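See structure below.
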Amino acid sequence: MSNSATTDAPKRPHDTMREVQIECGYLESNPASVLYRSGKTIVLCTASVESNVPPWMVGRGKGWVTAEYNMLPGSTSPRKRRERGGKIDGRTTEIQRLIGRSLRAVVNLEALGERSITVDCDVLQADGGTRTASITGGFIALSLAIADLAANPEPDPEAKPVVVADVLPRSVAAVSVGVIDDAVVLDLDYVLDSAADVDMNVIMTGDGRFIEIQGTGEEATFDDEQLAQMLRLAKKGIGELTELQKKAIG
């Protein structure tokens with residue numbers, strides 16, 4: 001989470017999401033670009049396609065989807081130092097691996113053919129939930145890239161045709177939940193996250209299947225009922241995000 005000290009005002013009910021705003025085609029240079037806002041957290045997500053795969057996948061008839069994540073220096077206060085010379089801190093590595101495997105979970109790599117798609121998630125402003133915003137916005141960018149591939153086939157006659165529904169049979173979104181003073185809270189901004197006794201990130205498909213759950217007690221524990229409440233709230237939030245994704249993608 002960021003070092004920002006901002007939060008939404010007035011306070012939200014515990015079972016409601018922050019306001020989400022989605023702007024597709026944000027960059028003229030990349031039609032598969034999305035400016036994704038969740039409250040005061042802002043992430044720019046782009047997806048880029050290459051007509052090849054990593055060396056270890058050549059000849060397997062499958063594509064590959066990966067992700068890179070970065071927080072710009074001005075996204076937090078105090079300033080976050082740039083990661084240079086290939087040196088990536090452990091948190092960044094963990095988050096971009098999470099984004100990559102979350103997106104791959106909903107992609108049919110065989111239907112993609114031998115192509116690679118890189119989803120870049122750059123945090124412009126951080127107020128909690130940057131990894132969940134990156135996954136949710138990253139899926140929109142990925143969808144736009146695949147739709148563009150389908151609409152504009154490559155000139156190579158041997159390239160595998162792309163059918164969007166085959167490559168992306170389902171969607172993915174993510175949200176945070178937590179426990180604060182024994183109350184279960186949905187979609188934590190920085191102030192809520194810093195006060196949480198339990199912090200959990202939930203990644204799910206649009207049809208209600210879990211991809212990953214990351215839950216931790218901060219010098220605290222949680223019981224079966226609190227876990228069930230957090231998962232119920234997360235499922236509610238992801239259902240709302242899925243509808244917003246559909247509208248954005250069209």
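All conditions but one from (1) within 30 Å of Glu158 (Cα to Cα); (2) of a type in the set (Gly, Ala, Ser); (3) touching a strand residue (DSSP E or B) at 6+ places or on another chain (Cβ under 9 Å) apply to Ser38; the one that does not is (1).
Please find, among Val184, Val179, the residue that is open to solvent by less than 30 Å² (accessible area, probe 1.4 Å), farther than 26 Å from Lys246 by Cβ and out of contact with any Leu (no Cβ under 7 Å at 6 or more places or on another chain). Talk me through it step by step, then tell me what you get.
On the way: Val184 fails: out of contact with any Leu (no Cβ under 7 Å at 6 or more places or on another chain).
From the options Val184, Val179, the qualifying one is Val179.
Tell me, yes or no, whether the stretch 218-240 has at least one residue that is open to solvent by 30 Å² or more (accessible area, probe 1.4 Å), polar (S, T, N, Q) and farther than 20 Å from Asp15 by Cα. Scanning the stretch 218-240, I find at least one residue that is open to solvent by 30 Å² or more (accessible area, probe 1.4 Å), polar (S, T, N, Q) and farther than 20 Å from Asp15 by Cα, so the answer is yes.
Go through the residues of the stretch 183-201 one by one and say whether even a single one is free of Cβ contacts under 8 Å to residues at least 24 places away in the same chain and over 29 Å from Leu142 (Cβ atoms). Lay out the reasoning, then the answer.
Looking only at the stretch 183-201, we keep the residues that are free of Cβ contacts under 8 Å to residues at least 24 places away in the same chain, and these are 195-196, 199.
Add one more test, that the residue is over 29 Å from Leu142 (Cβ atoms), and what stays is 195-196.
Among the residues of the stretch 183-201, at least one is free of Cβ contacts under 8 Å to residues at least 24 places away in the same chain and over 29 Å from Leu142 (Cβ atoms), which makes the answer yes.
Across the stretch 65-87, the qualifying residues are those that are of a type outside the set (Phe, Trp, Tyr) and at pLDDT 90 or above, and the one among them that is most open to solvent (accessible area, probe 1.4 Å) is Glu68.
For Leu124, the conditions (1) outside any helix (DSSP H, G or I); (2) on the phi < 0 side of the Ramachandran plot; (3) buried (at least 18 other Cβ atoms within 10 Å of the Cβ) all hold with the exception of (3).
Please enumerate the residues belonging to the stretch 148-177 that are part of a loop (DSSP other than H, G, I, E, B) and of a type in the set (Val, Ile, Thr). Explain how you work it out, then say what you get.
Narrowing the stretch 148-177 to residues part of a loop (DSSP other than H, G, I, E, B): 152-163, 168-171.
Those that are part of a loop (DSSP other than H, G, I, E, B) and of a type in the set (Val, Ile, Thr): Val162, Val163.
Assess whether Gly90 counts as being loosely packed, with under 14 Cβ neighbours inside 10 Å, closer than 20 Å to Ser176 by Cβ and at pLDDT below 95. Yes: the conditions hold for Gly90. Figure legend. Inter-residue proximity from the stretch 222-244: first residues farther than 25 Å from Gln21 by Cβ, second residues open to solvent by less than 40 Å² (accessible area, probe 1.4 Å), beta-carbon distance below 6 Å, spacing 6+ or different chains. Indicated pairs: Phe222/Val179; Phe222/Val198; Gln226/Val179; Gln229/Val184; Met230/Val177; Met230/Val184; Met230/Met200.
The values are calculated or read from the model by the stated rules, or taken from the named source; none is laboratory data. Just so we're clear, the structure is a prediction, and the values are computed from it rather than from any experiment. Virtual Cβ from ideal backbone geometry, glycine too; neighbours counted across all protein chains shown. Each accessible area value is taken on the protein alone, full model and side chains, heavy atoms only, with ligands, DNA and RNA left out. Shrake-Rupley method; radii C 1.70, N 1.55, O 1.52, S 1.80 Å.
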